[in-house]
Structures are given as structure tokens and as C-alpha cells.
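Visitor: Below you'll find the structure I mean.
Read-outs: derived from the displayed coordinates by stated rules, not from any lab. Note that the coordinates shown come from a computational prediction; the quantities given were computed from them, not determined experimentally. Because the Cβ atoms are built from the backbone with ideal geometry, glycine has one as well, and the counts that use them run over all protein chains shown.
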Amino acid sequence: MSLTPLHAIFALMSLFTVGGAVGVVLNRNLIYAAMYLVLSLFGIAGLFILLEAPFLAAVQILVYVGAISVLITITVMVTRCVFCKEPPPRQLTLVAVMAALVMVTLGFVIMTRFGGLTPAADVPADSIEQLGVAFVNPQAYLVPFEVASILLLGALIGAIFIARDDLPRDEEAVGGDDHA
Amino acid sequence: MIPLHWFLLVAAGMFCLGLFGVLIRRNVVAILMSIELMLNAVNLNLVAFWRYLAPEHINGQMFAVFVFAVAAAEVSVGLALIISIYRNRDDVNAGDLNLLKW
Amino acid sequence: MSDFVIFLIDAAVKAVLIIVGLVLGFAYTTWLERRFIARLQSRVGPNRAGPAGLLQPWADALKLFFKEDIMPTDADRIIYTLAPAVTSVPALIVLGVVPFGGQISLFGYQTTLGLADINVGVLYIVAVTSIAVYGVVLAGWASSNKYAMMGGLRATAQMISYELAMGLAILAPVMMAASMSMSDIIDAQQNIWFVFLQPIAAVIFYITILAETNRSPFDLPEAEQELVAGYHTEYSGMKFASFFMAEYMKMIAVSAIFSALFLGGYRFFGLENLLGGWMGPIILFVKIVASLAFMVWIRATLPRFRYDKLMAFGWKVLLPLSLANAVVTAVLIVLDIIPSFA
């Protein structure tokens, strides 16, 4: 097996991904942990590009890096919990052994079942168009797509309702529409 | 070309780190971040399998897109809960949130 | 392998040219802004350093280079240092997908003017602008200063809010061109610019890019009267210059993107093929300068928004309007009432 520039890029992106994940898990300063999370998510976007899914890479950066991680960062800042005392972890050894066991099992399955597999075929040139068509095709993903949009709407309203500050405290303020 | 198991091993490593983080961290925000790691590992697996086993069917990418949508919903509601809890209890450690425990 | 080496050199040269162009552009955008706004306010503006003040940017740069670099005692050293870099990077890389011209031939070597014309170019632009917010919020937080923190949080809320309307406004040209590649969008405007076919989307996009680059009247994150300059209050010397530079480079970049999406990019009804294709970059340059001058004009004309008005405008006016525009465009394209240039 000859090493190509692709392998170097893969190694770099994997380093970002796994190194970032280590940083997230082990860093006690939550802002740093959030920044490591961003690094890890960028690594994933890079791996998506290597897997010839540029659309997903862009969406990964847009959704995960541009929205989700920003939200997490702001929550860390707003809850002023960057340096708040986190009690020391309990059962560290047990958890570490468990995670290592899961890793060994997964690694074993991957190596025996999928070791050395190379792509079956080339990615069709119109894969992004296929993706778009599948979203609105009733035979394919139209219903899940609509359900996902309703889920997002529900999450939007729910998040606003839960996080808002000026919830009515007394019966008077609730308003008279739906008195049972 | 990079063999499939490289991608799968990176994803497995990321998943296990996320699992480790979920179990070991006490801060709710940190737990949420670890869950994001696990979701991303799953996404990487989905896309890698799509590319190597069935690039002519779009299903793998499609599932990854749905994971994005669900993750966005999960994080927004989760963080709203965390902010609300912080406002009421001044604390975001999972071990101390035991109001419903007896 | 030699193909790969040529590809690498080609890409590296173009990337360096884009970065040099942006940095030089930054220097002379400050000059343009100061001279032009002085004219609008019946002043003269900087005119001492060189003819018509043309050496003023270099004098400013020298001053900032040699200023003392101060770091607050309580600042988070790593993030405080990282934030200016994080702010500059998106501004530098966002132009990678915008074509600057068609095919040209240089010493017998054929190449396209433009770094990477990827098929998800528009999505790349939206993604890169969405990460620009990190630099601002981290700078505000790392300074451990209340004003800086407020400025950073304001900037974050503003950028996230206006990003939605921006994405929906971009959708209109994408649907018209039936492609997310910037060069396809430019090619679709050979006969008529999208600014005439999609005036609402164009206006919304222009407003949102003003908000994304923190330009007046949306310059609340750096409101000097309220927040003593917001997130970069504690920064000095070269670190401050990086924030300044990032803002102006973003102005240039979004002007180029606006030109590509709505003003036909480097094309001007066939004129771009003159001079062996080298007319294209000149046409784009003229469009960018016009857009920058318009931004300065707006700054001289409009007062700053109040913060709640800004949020209300973004969520209650721009977002529904851009959503309605996207839906109407989609319906009209499906009904074949307006053409899609697929």
C-alpha cells in the first residue's frame, strides 16, 4: 500500500477528531472543552470531504460548528460555570475499563468484518441532486423530512418556553383564555 | 484509496471517548458535549458505509442529515433546560440535580 | 504525480494572490472609507501622507505594529491571543469559492481565475460566515471585561439572527440558477442580473451582510458610545489591527459575494472576454468598489439601531420577508412563470 497525500490528510483530520474528543472529555475548563469540540467537529467535516460528501461537510460546519457549538459556548458563558467546581469523577477506573472494552470489541468487529475494504463504486456525479430529490419524494423520505421539520419547530418553541425568564408567576398573569 | 476500517476505527475511538465522557463528567454541559461526540461518531460511520458499500444509494447521507436535525433539536432543548436549571438552582452538576429523587 | 504538483502550485499561487489582494484591499478600503466619509461630511480627510493621503494606510500600519501589546491581568491568555486569528481566518478563506474571471492563458498555461469552484459553493459561504462569530464571542469573553463581554454576546445574537435571513435570501439566486456553484450562478446572469429578477432578495442580502460585518447601522457590537468599542475594548497593537483588518476584509469578501450572486460577478455582458479574459477581474473590482462605497454612504447616512429594534427588525421583518420571497420564487419557478436557468 503506497502512501498518498490523501493518507496524510486523513491522518491530520483523524488527529483533529480524536485529539479534540480527548480534549472535550478531559478538559475541566468548559470553554476549552467547547473549543476542542469545535476542533473535533472540523475534523469530522474534513473526513466527510475525504468520503466525497462535500454537502454533508458544509452542513456539518454550518449546523454543528456554526450553530450547536456556538450555543454550547454561550451557555457555558451565561451559566458562568467555566471555573465552577466539578466534583472529582467517581468510578474512574471502572468507566475507563468499560470504554476500553467497548473500543476493543468495536475494533475487533471492524477488523474482522470490514478490514481492508475499498469502495465498491464511484460516487455518482449527481449525488447532491439525488439527496434533494429523495427529500421530497413520497416514496423515499418525504414523511421523515416533514416529521423532522415538526420536531425542529417543537424544539424551537420548547426551548424558547423553557429558557425564558418572565414566566407568569401567579394565576392572574396566565390570562383568561383557557381557564378550566 | 483509504481502506474503510480506518474511518470506522476513528469513529469507534470517538464514540468510546464520548461514552467515557458521558459517564465520567459531572457537569451537564460537558455531558451534552460528550453526547455530541457520540452522535458525530455515528454520522461518520453512516457516511463511511455509504461511500464504501452503497454509493449509488443516497440513504447513508440521508440518515446523517436526520442526525443533524435531531442533534440540533436535542441541543437547543437541552441547553434551554440547563439555563433554566441554573437560574433556579445555581448549579449545573448532574449529581446535585436530585429534586425528583427519593 | 507531476499533475498533482502543478495543481498544488496553481492552488497555492491563487490562494496567496487572494490573501494579498484582501490585505491590500483592506488597507485601501480604510483609505476609501475615510476619504469618502470626509467628503460626505464636508471635511477633507487624511491628505498629508502621500498624494491624496494614499500612504495613510501604511502609516497606520506602522503605528499599530510598534504599539505596545497589552494583555489584561485576568485575561485568558491562550484564547485572548487566539481570538484575533480566529476572526481573521473566515474573512480570508471565504473568497476561495468565488470566481474572479473566466479561462485565461498565462505563458501557455491554461487556468481559471478562481481558487476552487466547488459544487456546494454557496453552502460553503454560509458555513464560513457562520463560524466568523467565534472570534468575536471569544474575544469578548477572554478579555474578562463586562463591556467586552456584552459586545461579544450582542455580536453573537446579531450574527445568528441575521444569518437566517441571509441564508434564505441566498436561496433565491440558487433556485434561479438551479445550482449551488458560484460559477453556475454567475453564468446564469449572462443576460440579466439577478438584482433585477430578485430585488427583494438582493436588498435583504445586502442588509444582512451589513449586519454580519458589523457595519453601520448594525454596528452595535462595537458601539463606541455605549460599550466603549465592545469586544475589542481590551485589545491593542497588532491584535487590535487584526480585528480591524478582519472587519474590512469581510466587507470586501461579502461585496465580492454580493456581486457574484446578484450583479453578475466578473461578467458584464461579454465585456469580460476582452484583454484575453483579464477584463473579468477588473469588472469585479469595479463592482466591489461600488459596493464598498455604498456601505460607506450608508454609514454616513443612517444612525445606529437600538438593540431591541435591531432584533425585532431581523426576526419580524427580514426573516418572514425572505421566507416569503423564497416560497414565492419556488412556486413561480415550478409554474414556469419566471425562468430557471438550469
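Visitor: What does the net charge come to around C:L40 if you take all other residues with beta carbon closer than 13 Å to its beta carbon, with K and R at +1 and D and E at -1?
Guide: Overall, the nearby charge balance is +4.
Visitor: For chain C, what is the charge dipole size about the Cα centre, in debye to the nearest 20, if Lys and Arg each add +1 at the Cβ and Asp and Glu each add -1 at the Cβ?
Guide: On the way: 21 positive and 22 negative charges, 197 e Å.
So the magnitude is around 940 debye.
Visitor: To continue, here is another question. How much space per residue, in cubic angstrom, does the convex hull of the C-alpha atoms of region B:1-96 take up? Can you show the working numbers first?
Guide: Details: hull volume 7.2 nm³, N = 96.
Hull volume normalised by residue count: 75 Å³.
Visitor: To continue, here is another question. With the Cα gyration tensor of region A:1-85 in hand, give its eigenvalues times 5 under a square root as the equivalent ellipsoid semi-axes, listed largest first in whole angstrom. Each step should come with its number before you reach the end.
Guide: Values: eigenvalues 163, 49, 6 Å².
Square roots of five times the eigenvalues give 29, 16, 5 Å.
Visitor: Let me ask another. Rounded, prolate or oblate for region C:1-116? Axes are the square roots of the Cα gyration tensor eigenvalues, ordered a ≥ b ≥ c, and the cut-off for rounded is a/c under 1.5. The partial results should precede the final answer.
Guide: On the way: a/c = 2.70, a/b = 1.37, b/c = 1.97.
The shape class here is oblate.
Visitor: Another one. Please work out the ratio of the alpha-carbon Rg of region A:125-167 to 2.2 N^0.38 Å and round it to two decimals. If you can, show how the numbers build up before the last one.
Guide: Working: Rg = 15.8 Å, N = 43, 2.2 N^0.38 = 9.2 Å.
Normalised Rg, Cα atoms only: 1.72.
Visitor: Tell me which of B:V42, B:G13, B:V65 sits at the most positive position along the dipole axis of chain B, charges placed on C-beta atoms (Lys, Arg +1; Asp, Glu -1).
Guide: Farthest towards the positive pole: B:G13.
Visitor: Which FRET efficiency value, to the nearest 0.05, is calculated for C:L271 and C:L8 with the Förster distance at 45 angstrom and r the Cβ-Cβ distance? Before the final figure, lay out each step's value.
Guide: Details: r = 33 Å, r/R0 = 0.73.
The pair C:L271/C:L8 has a calculated efficiency of 0.85.
Visitor: Another question, then. Among A:E129, C:E212, rank each residue by its count of other Cβ atoms within 10 Å, from fewest to most, as a rough exposure measure. Could the numbers behind the result be given before it?
Guide: Values: A:E129 14, C:E212 22.
Ranked by crowding around the Cβ, least crowded first: A:E129, C:E212.
Visitor: Same structure again: Pick from A:L101, A:L51, A:L30 the residue whose mean-square fluctuation is largest in a GNM of chain A, springs joining Cα atoms under 10 Å.
Guide: Most flexible of the set in this elastic network: A:L101.
Visitor: If the limit is 22 Å between Cα atoms, which of C:K14/C:K63; C:K67/C:K146; C:K146/C:K239 go over it?
Guide: Numbers: C:K14/C:K63 30 Å; C:K67/C:K146 24 Å; C:K146/C:K239 19 Å.
Beyond 22 Å: C:K14/C:K63; C:K67/C:K146.
Visitor: Given a cut-off of 27 Å, what percent of all Cα-Cα pairs of chain A lie beyond it? Working shown, then result.
Guide: Details: 8771 of 16110 pairs.
Across chain A, Cα pairs with separations above 27 Å total 54 percent.
Visitor: Below 13 angstrom from the Cβ of C:D187, what's the summed charge of the other residues (Lys, Arg +1; Asp, Glu -1)? Before the final figure, lay out the partial values.
Guide: Working: positive: C:R267; negative: C:D117, C:D184, C:E272.
My count for the surroundings of C:D187 gives -2.
Visitor: While we're on this one: Can you pull the percent of Cα pairs in chain C with separation above 31 Å? It would help to have the intermediate numbers written out before the result.
Guide: Values: 20871 of 58311 pairs.
Tail of P(r) above 31 Å: 36 percent of Cα pairs.
Visitor: Further question on the same structure: Determine, from the Cβ-Cβ distance of A:I160 and C:K146 and an R0 of 25 Å, the FRET efficiency 1/(1 + (r/R0)^6), rounded to the nearest 0.05.
Guide: Numbers: r = 26 Å, r/R0 = 1.05.
Approximately 0.45, to the nearest 0.05.
Visitor: Determine, from the Cβ-Cβ distance of C:M71 and C:V23 and an R0 of 35 Å, the FRET efficiency 1/(1 + (r/R0)^6), rounded to the nearest 0.05.
Guide: Details: r = 25 Å, r/R0 = 0.71.
Result of the calculation: an efficiency of 0.90.
Visitor: Still on this structure: Length gain on complete extension for the stretch B:L97 to B:A54, per 0.36 nm per residue less the alpha carbon to alpha carbon distance?
Guide: Length difference between fully extended and current span is 11.0 nm.
Visitor: Please report C:W141, C:W193 as a ranked list, fewest other C-beta atoms within 10 angstrom at the top and most at the bottom.
Guide: Least to most surrounded, the residues fall as C:W193, C:W141.
Visitor: Rg and Dmax of the protein assembly as shown, Cα atoms, in Å?
Guide: Rg and Dmax of the protein assembly as shown, Cα atoms, are 25.5, 83 Å.
Visitor: Have a look at A:I160, A:I9, C:A59 and report the one farthest towards the positive end of the charge dipole of the protein assembly as shown, computed about the Cα centre with Cβ charges (Lys/Arg +1, Asp/Glu -1).
Guide: Towards the positive end, the residue furthest out is C:A59.
Visitor: Got a sec? How would B:F20, A:F42 order by Cβ neighbour count within 10 Å, fewest to most? Intermediate results must be reported in sequence, preceding the final value.
Guide: Working: B:F20 25, A:F42 21.
Least crowded to most crowded, the residues run A:F42, B:F20.
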